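The values are calculated or read from the model by the stated rules, or taken from the named source; none is laboratory data. Since the structure is predicted, the reported quantities are computational estimates derived from the model, not experimental observations. Cβ: placed from backbone, ideal geometry, glycine included. Neighbour counts: every protein chain shown. Ligands, DNA and RNA are stripped out before the accessible areas are found, and what is left, the full protein with its side chains, is counted by its heavy atoms. Shrake-Rupley method; radii C 1.70, N 1.55, O 1.52, S 1.80 Å.
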Amino acid sequence: MPKLTKEILDDTTYCQLGLRLGPDSLDVMIYNPMQDNSIICESFAITSGNDRLKSLEEIVYDNPLLLSEYHKTNIVVETPTFCVVPSEVGDNDIAAELLYAAHPDCKDSTDLIRNHVASLGVDFLTALSNKECNFLRRTFDNAPIRLNLALLAYYYSAQLPKGNTAKIFVNLREHSADVLALSCDRLLLANRFEFREIADIAYYIIAASERVKSLSDDPQAAAPEILVRGQRGERDELLSALRTFCPTVMPMIFPSAMYRAGRDALNAPFDLIILPLCE
């Protein structure tokens with residue numbers, strides 16, 4: 001029985017639809033920015049391997065509310081297949097060569113996805129299966145597809161003051177995390193890190209902090225502040241591990257503009273929640 005039927009909402013033309021395609025799930029967010037407590041969030045498991053496309057199609061067709069008319073639709077992709085290049089690399093063929101050099105296994109049967117982050121002067125590159133890309137674009141009327149790291153970089157860069165202050169932002173999930181280090185106009189690090197134990201990601205972040213500190217022109221520069229976003233259990237465990245070595249660690253503040261969306265926003269993937277703030 002479908003979870004998201006068209007009877008749930010009388011009118012979706014004022015709503016925004018956000019889809020987040022991850023390695024093993026499709027997360028959905030439907031949000032009306034003109035109405036408080038309007039957010040609807042659902043997560044659907046996706047079969048991996050050769051049945052992945054079929055699984056994705058079944059989720060969409062079994063939830064007809066997704067096929068309604070929306071004011072705006074955006075698609076976010078989380079994948080380990082990506083690289084970052086200076087925006088001056090304008091030729092897509094050259095950009096594709098750089099991506100495929102880093103990830104040779106994805107060269108065949110994929111489409112290049114390129115996301116420009118003007119505030120940092122970089123482009124994020126990723127590759128998505130031809131068949132998945134065609135299905136998403138055909139079904140959702142050429143909705144823009146954005147790598148989640150590009151979305152986070154855009155959002156985080158707007159949170160930084162002018163100057164040379166660097167901060168490390170951690171978007172924590174159960175067994176993976178996005179780690180980005182930025183100054184106001186420079187991207188210093190962007191990576192997706194998979195881990196089994198919190199100690200593993202803590203070690204990686206500490207090493208990243210030391211590396212970011214070494215990039216400063218000031219030999220007396222303090223260690224960068226580290227801001228962590230994630231579900232409370234894993235987040236608090238990571239904060240505790242980091243504070244042993246890094247004094248300037250704290251939870252990331254949830255965007256106040258999205259509090260009025262409803263309580264479900266607090267538990268949805270962060271890169272999906274910030275979509276309305278990254279237009």
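Odds and ends about this structure:
- Here the extension length gained between residue 210 and residue 186 equals 6.9 nm, from 0.36 nm per residue of separation less the Cα-Cα distance.
- Summed over the residues of the chain and divided among them, the accessible surface reaches 51 Å² per residue at a probe radius of 1.4 Å.
- Greater than 25 Å apart at Cα, pairs in 6/72; 54/107; 72/167; 6/131; 107/167: 72/167; 6/131; 107/167
- Scanning residues 5 or more positions from residue 38 or on other chains, those with amide H under 5 Å from its amide H are 32, with H placed 1.01 Å from N in the peptide plane.
- Neighbourhood charge, 13 Å Cβ-Cβ cut-off, centred on residue 20 and excluding it, Lys, Arg +1 and Asp, Glu -1: -4
- Database remark: amide H of residue 79 closer than 5 angstrom to the amide H of 148 (H placed geometrically; neighbours at sequence offset of 5 or more, or on other chains; Pro and chain starts carry no H).
- Global geometry of the range 142-279, whether rounded, prolate or oblate, following the gyration tensor of its Cα atoms and the 1.5 cut on a/c: oblate
- Mean sequence separation of contacting Cα pairs (under 8 Å, at least six apart), scaled by the length of the chain, corresponds to a relative contact order of 17 percent.
- Protection proxy ranking of 252-258, 18-24 - average other beta-carbon atoms within 10 Å, highest first: 18-24, 252-258
- A simple spin-label model places the labels of residue 25 and residue 176 1.2 nm from each other, with each point 7 Å out along Cα-to-Cβ.
- Choice from 69, 174, 88 with maximal GNM fluctuation in the chain (Cα, 10 Å cutoff): 88
- Rounded percent of accessible protein surface that carbon and sulfur make up, the range 25-88, 1.4 Å probe: 45 percent
- Report note on the peptides 266-272, 127-133, 6-12, 31-37: ranked by the mean count of other C-beta atoms within 10 Å, highest first, their order is 266-272, 127-133, 31-37, 6-12.
- Where labels lie 7 Å past Cα in the beta-carbon direction, separation of residue 250 and residue 53 in nm: 4.8 nm
- Legend: calculated FRET efficiency, residue 194 to residue 94, from the Cβ-Cβ distance at R0 = 30 Å, rounded to 0.05, equals 0.55.
- Under 14 Å of direct C-alpha separation, and excluding same-chain neighbours fewer than eight residues apart, residue 213 reaches these aspartates and glutamates: 225.
- Here residue 10 and residue 109 are evaluated by their C-beta separation; at R0 = 41 Å the FRET efficiency comes out at 0.50.
- Whole-percent P(r), the range 177-220, all Cα pairs, 10 Å bins from 0: 25, 51, 21, 3.
- Ligands, DNA and RNA left out, the accessible area of the range 123-279 computed with a 1.4 Å probe is 48% carbon and sulfur.
- Per-residue HN-Hα couplings for the range 53-61 [Karplus 6.51, -1.76, 1.60; θ = phi - 60°; Hz; x = Gly/Pro]: 4, 4, 5, 4, 4, 5, 4, 5, 6
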